[in-house]
Amino acid sequence: MADRSPTIFTRATYPEYRRILAILRTETVGGALLLIATVIALLWANSPAADAYFALRDFTIGYEPWHLELSLGHWASDGLLAVFFFLAGLELKREFVAGELRSPAKAVVPVAAAFGGVVIPALIYVLVNLGSAGETLKGWAIPTATDIAFALAVLAVINTHLPAALRTFLLTLAVVDDLIAIGIIAFFYSTGLQPLMLLAALIPLALFTFLVQKRVRSWYLLLPLAFATWGFVHASGIHATVAGVILGFAVPVAASGKKGEPAEGLAESFEHRLRPFSAGFAVPVFAFFSAGVALGGFDGMAAALQDPVAVGVIAALVIGKAVGVFGTTFLVTKTTRASLDPSISWIDLFGLALLAGIGFTVSLLIGELSFGSGSAHNDHAKVAILAGSLISALLAAIVLKARNRRYRLVAAEEARDDDGDGVPDVFARG
């Protein structure tokens with residue numbers, strides 16, 4: 001009798017492969033800018049001109065009657081990151097409607113891996129902080145998110161050629177990870193809920209949804225409605241980035257198919273326009289204002305790393321993420337009697353699980369929501385996020401670089417087009 005056990009980590013279709021490569025290319029550039037912004041922030045915050053950095057971060061601007069007189073740091077975390085999460089909402093909806101997550105058989109592994117990569121780090125953080133003051137437990141969600149841009153920047157630096165299936169898995173894992181993170185922010189880090197403001201947000205949201213469902217692309221109509229939705233959600237006590245995800249979910253994925261309608265769907269159009277802005281400006285600016293922390297030299301670093309918050313974050317990122325992502329993937333694969341694609345081995349997945357320990361953008365955001373900007377615990381959490389991400393990156397680089405010769409062979413196979421039809425033969429056979 002033929003073996004009917006499913007095979008996981010197979011290649012996507014060629015159009016999906018090209019789309020994912022385009023996204024990852026943009027995020028890789030964004031990751032480089034993210035690193036640059038982080039280094040500048042750290043150098044400035046620890047220089048003789050440190051007061052100027054913190055004065056710039058805390059400079060307030062906006063309209064107080066609308067509860068929008070915010071510091072530049074808060075505009076970056078509440079406003080610019082809403083664009084990042086809008087794209088996360090778009091990508092997640094696309095994955096469920098037309099991507100890898102539309103098939104339960106294909107979705108179960110990355111979704112389970114994402115949940116494992118959230119639950120295990122959170123448990124490790126809580127275990128480390130059980131004997132500490134209750135306040136430290138507020139940071140349980142800090143090490144739960146994976147930063148796709150930072151991870152891709154690491155892959156670019158070590159010049160590895162991940163197979164298409166692993167790239168798809170990494171992106172899907174990060175997308176589901178972002179959804180879990182925004183759920184955590186909405187349910188656990190919202191304070192002073194104002195129901196009237198939340199109800200008011202439904203009006204511009206409904207108008208925005210109606211227009212995008214009619215495939216309206218006019219920015220002068222959509223942008224004010226999106227900003228109004230964001231503003232009301234911000235005033236409601238729910239973190240404003242949640243508005244970005246909700247607006248992203250409202251956008252239709254597929255083109256309408258009407259005569260004269262552009263072949264490109266509205267979600268794809270928005271993604272093409274906004275992803276460079278998000279990766280090239282929004283996220284690096286957020287990192288610039290959030291990553292700056294006065295380290296206080298060697299003694300300051302040593303003191304920061306003695307804080308149970310820092311110990312918990314580092315252990316959760318380095319150990320928890322690797323165990324959660326790899327262990328869950330292994331368990332799901334074995335319990336469903338699935339087999340890996342011949343181009344993939346378990347050491348590749350372990351390297352990817354280590355790479356998932358790079359938590360930065362959302363981790364910094366949750367750190368601020370947990371302890372407050374400028375607090376000692378938040379500063380120590382920032383140091384731990386940087387340290388844990390760096391350790392995870394180095395360990396992942398060692399594992400993945402050792403496999404790079406194999407990856408080059410797979411990459412050559414995925415580019416081979418003997419019949420010259422413009423589609424690599426390996427995809428045509430799939």
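The values are calculated or read from the model by the stated rules, or taken from the named source; none is laboratory data. The shown structure was predicted, so the numbers you read here are calculated from the model rather than taken from an experiment. Glycine also receives a Cβ, built like all others from the backbone with ideal geometry; neighbour counts cover every protein chain displayed. Accessible surface areas use protein heavy atoms only, side chains included; no ligands, DNA or RNA. Shrake-Rupley method; radii C 1.70, N 1.55, O 1.52, S 1.80 Å.
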Checklist entry - If we keep just the residues of region 55-79 that are among the charged types (D, E, K, R) and not in a loop (DSSP other than H, G, I, E, B), which is nearest to T146 (Cα to Cα)? => result D78
Checklist outcome for this item: Cβ pairs under 6 Å, 6+ apart or interchain, first in region 382-409 and more than 10 Å from I158 (Cβ to Cβ) and modelled with pLDDT of 90 or more, second of a type in the set (F, W, Y) and open to solvent by less than 60 Å² (accessible area, probe 1.4 Å), ordered by first then second residue, are S389/F360
Checklist entry - In this structure, is L68 within 21 Å of I185 (Cβ to Cβ) and surrounded by fewer than 20 Cβ atoms within 10 Å (Cβ to Cβ)? => result yes
Next on the checklist: Tell me whether region 304-314 contains one or more residues that are closer than 24 Å to L127 by Cα and under 19 Å from the mean Cα position of the chain (by Cα).
Outcome noted: yes
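Yes/no matrix, rows are residues, columns are (1) at pLDDT 90 or above; (2) more than 24 Å from L369 (Cα to Cα); (3) not charged (D, E, K, R):
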site: A164; (1), (2), (3): no, yes, yes
site: I180; (1), (2), (3): no, no, yes
site: T191; (1), (2), (3): no, no, yes
site: V212; (1), (2), (3): yes, yes, yes
site: L223; (1), (2), (3): yes, yes, yes
Checklist outcome for this item: Subset of region 88-141, residues more than 24 Å from T333 (Cα to Cα) and open to solvent by less than 10 Å² (accessible area, probe 1.4 Å), comes to G89, L90, E91, Y125, N129, T136, G139, A141
Checklist entry - Among the candidates F371, F350, F360, which residue alone is in contact (Cβ under 8 Å) with a residue 24 or more places away in the chain and open to solvent by 60 Å² or more (accessible area, probe 1.4 Å)? => result F350
Item to check | Filter result for S373 (modelled with pLDDT of 85 or more and among the polar types (S, T, N, Q)) | outcome: no
Next on the checklist: Given the condition assigned to a helix (DSSP H, G or I), modelled with pLDDT of 85 or more and either open to solvent by 10 Å² or more (accessible area, probe 1.4 Å) or of a type in the set (A, V, I, L, M, F, W, C) (or both), answer yes or no: does some residue in region 142-161 qualify?
Outcome noted: yes
Checklist entry - Out of A82, A37, A52, which single residue is at pLDDT 75 or above, of a type in the set (A, V, I, L, M), open to solvent by 20 Å² or more (accessible area, probe 1.4 Å) and not in a loop (DSSP other than H, G, I, E, B)? => result A52
Next on the checklist: Give me the residue from region 177-215 that is surrounded by 13 or more Cβ atoms within 10 Å (Cβ to Cβ) and outside any helix (DSSP H, G or I) and, out of that set, nearest to the chain's Cα centre (by Cα).
Outcome noted: Y189
Item to check | Verdict on V126 being of a type in the set (V, I, T), in contact with a Ser or Thr (Cβ under 8 Å, 6 or more places away or on another chain), closer than 17 Å to G324 by Cα and not in a loop (DSSP other than H, G, I, E, B) | outcome: no
Item to check | I358 part of a loop (DSSP other than H, G, I, E, B), closer than 26 Å to V157 by Cβ and under 25 Å from the mean Cα position of the chain (by Cα) | outcome: yes
Checklist entry - Just wondering, is there one or more residues in region 351-364 that are closer than 22 Å to I398 by Cα and either touching a Gly at 6+ places or on another chain (Cβ under 6 Å) or hydroxyl-bearing (S, T, Y) (or both)? => result yes
Checklist entry - Got at least one residue in region 273-294 being under 21 Å from S389 (Cα atoms), at pLDDT below 80 and either touching a Ser or Thr at 6+ places or on another chain (Cβ under 6 Å) or not polar (S, T, N, Q) (or both)? => result no
Checklist entry - Hey, any hits in region 98-118 for a residue that's more than 16 Å from the chain's Cα centre (by Cα) and under 23 Å from H239 (Cα atoms)? => result no
Item to check | Complete set of residues in region 216-254 that are surrounded by fewer than 18 Cβ atoms within 10 Å (Cβ to Cβ) and polar (S, T, N, Q) | outcome: S218
Next on the checklist: Cβ-Cβ under 6 Å, sequence separation 6+ or interchain: first residue in region 80-99 and over 9 Å from T241 (Cα atoms) and among the basic types (K, R), partner open to solvent by 30 Å² or more (accessible area, probe 1.4 Å) and in a helix (DSSP H, G or I). Which pairs?
Outcome noted: K93/F249
